[in-house]
1. Which of (1) farther than 13 Å from Leu54 by Cβ; (2) touching a helix residue (DSSP H, G or I) at 6+ places or on another chain (Cβ under 7 Å); (3) at pLDDT below 95 does Lys184 not meet, given it meets every other one?
2. Yes or no: Thr4 crowded, with 16+ Cβ neighbours inside 10 Å and either charged (D, E, K, R) or modelled with pLDDT under 90 (or both)?
3. Could you please tell me which pairs satisfy a Cβ distance under 7 Å, a separation of 6+ or placement on different chains, a first residue in the stretch 7-30 that is within 19 Å of Thr98 (Cα to Cα), and a second residue that is modelled with pLDDT under 95 and of a type in the set (Ser, Thr, Tyr)?
4. Can you tell which of Leu191, Leu147, Leu167, Leu197 is assigned to a loop (DSSP other than H, G, I, E, B) and either at pLDDT below 95 or touching a helix residue (DSSP H, G or I) at 6+ places or on another chain (Cβ under 7 Å) (or both)?
5. Exactly one of these conditions fails for Ser107: (1) loosely packed, with under 12 Cβ neighbours inside 10 Å; (2) touching a Lys or Arg at 6+ places or on another chain (Cβ under 8 Å). Give me its number.
6. Considering only the stretch 22-66, how many residues are within 19 Å of the chain's Cα centre (by Cα) and small (Gly, Ala, Ser)?
7. Looking only at the stretch 64-81, filter to residues that are surrounded by fewer than 17 Cβ atoms within 10 Å (Cβ to Cβ) and without any contact (Cβ under 8 Å) to a residue 12 or more places away in the chain; which one of those is nearest to Leu148 (Cα to Cα)?
Amino acid sequence: MTVTDEAAARAPAGGARDAAGAQVAAALARDLDEGFAALYEAYRGAVFSTALRLCGRWAEAEDLSAEAFLRAYRALAGYGPDRVAGLRPRAWLLAILTNVWRNSLRSAARRPASAGPVEDVADPPDPGEGVEDAAARRETGRELAALLAELPAAQRAAVVLRHVTDLPVAEVAAVLDLPEGTVKSHVSRGLARLRRLRADRQEPDGGPERQTPRGQTQGGGPR
């Protein structure tokens with residue numbers, strides 16, 4: 001277990017608030033296998049959605065999620081009941097996931113580039129949503145994946161954890177093992193860069209022509 005994982009294990013409760021955390025930790029302390037099933041059910045959605053936005057590829061997100069849960073199980077097998085009972089499971093799991101993702105980036109950097117562009121990925125479907133909402137969500141997911149891929153890794157992780165996974169700043173800081181001020185800076189700079197990137201994509205030629213009330217272009221000449 002890394003320093004980051006240890007910090008996440010002690011993350012303060014709060015935020016979009018981990019209501020299941022205490023129950024999951026108690027279940028893990030009673031029985032590893034039954035507790036791990038509860039851990040998986042409680043957090044598989046958050047882990048996968050976070051992985052998807054970090055890497056931008058569905059199959060890779062599945063691999064990252066599976067590896068994170070595998071590492072979590074192995075770590076829990078070596079913990080005593082008191083240590084398990086004191087876990088903040090969500091932050092701890094996401095710290096493991098983030099470390100797995102960072103390792104994948106380092107491995108990819110040592111290989112020839114062959115992964116191809118970011119896929120058109122949307123968040124996992126909501127069974128209750130209509131066709132129009134599903135289409136809008138997919139379009140938003142496609143745009144978000146492409147924009148997030150342009151961010152430096154530190155900013156991407158901070159933005160995803162804060163605004164996609166919806167963690168409070170204190171928990172993001174624990175997951176990333178960073179001071180809260182540094183997290184706020186990464187989030188602020190990441191969001192600013194996303195806004196610039198989005199504006200550039202929407203106005204590739206300097207923006208649409210604006211018209212005056214008399215039908216003239218901004219330059220004053222007739223159309």
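The values are calculated or read from the model by the stated rules, or taken from the named source; none is laboratory data. All figures in this text were calculated on a predicted structure; none of them were measured in a lab. Neighbour counts run over all protein chains shown; Cβ positions are idealised from the backbone, glycine included.
1. It is condition (3) that Lys184 fails.
2. On the way: crowded, with 16+ Cβ neighbours inside 10 Å: yes; either charged (D, E, K, R) or modelled with pLDDT under 90 (or both): yes.
Against the criterion (crowded, with 16+ Cβ neighbours inside 10 Å and either charged (D, E, K, R) or modelled with pLDDT under 90 (or both)), Thr4 qualifies.
3. Between residues of the stretch 7-30 that are within 19 Å of Thr98 (Cα to Cα) and residues that are modelled with pLDDT under 95 and of a type in the set (Ser, Thr, Tyr), there is no close pair.
4. Leu167
5. (2)
6. Here the count works out to 10.
7. Applying the filter and picking the extreme gives Ala66.
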